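Q: The structure under discussion is supplied below as structure tokens; questions concerning it will follow.
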Amino acid sequence: MKKVIHKANTRGHANHGWLDSHHSFSFASYHNPERMSFGMLRVLNDDWVEGGAGFGTHPHDNMEIVSIPLSGALEHKDSTGNTEVIYTNDVQIMSAGSGLMHSEFNHSKSEKVNFLQIWVFPKERNITPRYEQKTFEPGERLNKIQTVVSPEKDGEPIWINQDAFFSLGKFDAGKSFTYDIRKEGNGVYVFLLKGDVQVEDERLQKRDAIGITEASEISMQAQSDTEILFIEVPMSSR
């Protein structure tokens, strides 16, 4: 088992007034050669956007972009004709593929929205751009792991163009559990949304993360009421 620890206070930070963002990996003006990616996971931004503000229309291509609202609501528009709003317990994915334009704005004019913006390198390049979103019942992740993104097109999770799995878990204090790697050769990036958790022999607190490779399962114990995002990705392109 190999591990890399990313404490919350070591993330890149940019405050543009309308946007307050923490970067787990190099992004925009934050450049750290030691934190360019975790395998196929390229970006994990923890974004707070002021009411009425957002990201104007801009291009993307050949990237799988996942958005997960943690509070508030996010409005999405893209050049393929999608106009949608995503809320807490929703997960959105956009396969940029051969290229598209999109914008993301806070749906509220007064309340902040906090969401995770996550980019994963695609398995196949230049696919037809696509969009999907889905609401996931939060009760289905209480003291267990709920998969919300997977490479399986016909399953309950939304589909991603990569051998990657995103899962959420909400665990009571004292609860012990394991994360089982779904695909041989993958690693998992464990990002702590809330609480305090022991991951193997490492203690994580809110917004800390640990990337684990060369393991088949990871043992954990919640030290307080805890919410976790698991991002399992290939560690190299195939």
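Yes or no, residue by residue, for (1) crowded, with 16+ Cβ neighbours inside 10 Å; (2) more than 23 Å from Ala164 (Cα to Cα):
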position	(1), (2)
His6	yes, no
Asn9	no, yes
Asn15	no, yes
Ser21	yes, yes
Glu50	yes, yes
Ser67	yes, no
Val85	no, yes
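Q: Output the residues belonging to the range 24-40 that are surrounded by 13 or more Cβ atoms within 10 Å (Cβ to Cβ), farther than 21 Å from Phe230 by Cα and not polar (S, T, N, Q).
A: Residue satisfying the conditions is Tyr30 alone.
Q: Starting from the range 9-24, keep only residues that are under 26 Å from Lys109 (Cβ atoms), then list their pairs with residues that are hydroxyl-bearing (Ser, Thr, Tyr) and in a strand (DSSP E or B) whose Cβ atoms are within a distance under 6 Å, requiring at least 6 positions of separation or different chains.
A: Between residues of the range 9-24 that are under 26 Å from Lys109 (Cβ atoms) and residues that are hydroxyl-bearing (Ser, Thr, Tyr) and in a strand (DSSP E or B), the close pairs are Ala14/Ser21.
Table: residues versus (1) within 26 Å of Ser26 (Cα to Cα); (2) loosely packed, with under 13 Cβ neighbours inside 10 Å; (3) modelled with pLDDT under 95; (4) of a type in the set (Asp, Glu).
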{"residue": "Trp119", "(1), (2), (3), (4)": "yes, no, no, no"}
{"residue": "Glu124", "(1), (2), (3), (4)": "yes, yes, no, yes"}
{"residue": "Lys134", "(1), (2), (3), (4)": "no, no, no, no"}
{"residue": "Glu137", "(1), (2), (3), (4)": "no, yes, no, yes"}
{"residue": "Val148", "(1), (2), (3), (4)": "yes, no, no, no"}
{"residue": "Pro151", "(1), (2), (3), (4)": "yes, no, no, no"}
{"residue": "Asp154", "(1), (2), (3), (4)": "no, yes, yes, yes"}
{"residue": "Pro157", "(1), (2), (3), (4)": "no, no, no, no"}
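Q: Please find, within the range 184-203, the residue that is nearest to Asp163 (Cα to Cα) out of those that are crowded, with 20+ Cβ neighbours inside 10 Å and either of a type in the set (A, V, I, L, M) or more than 20 Å from the chain's Cα centre (by Cα) (or both).
A: Val188
The values are calculated or read from the model by the stated rules, or taken from the named source; none is laboratory data. Everything quoted here is computed from the prediction, not taken from an experiment. As a convention, Cβ positions derive from the backbone with ideal geometry for all residues, glycine included, and neighbour counts pool all protein chains shown.
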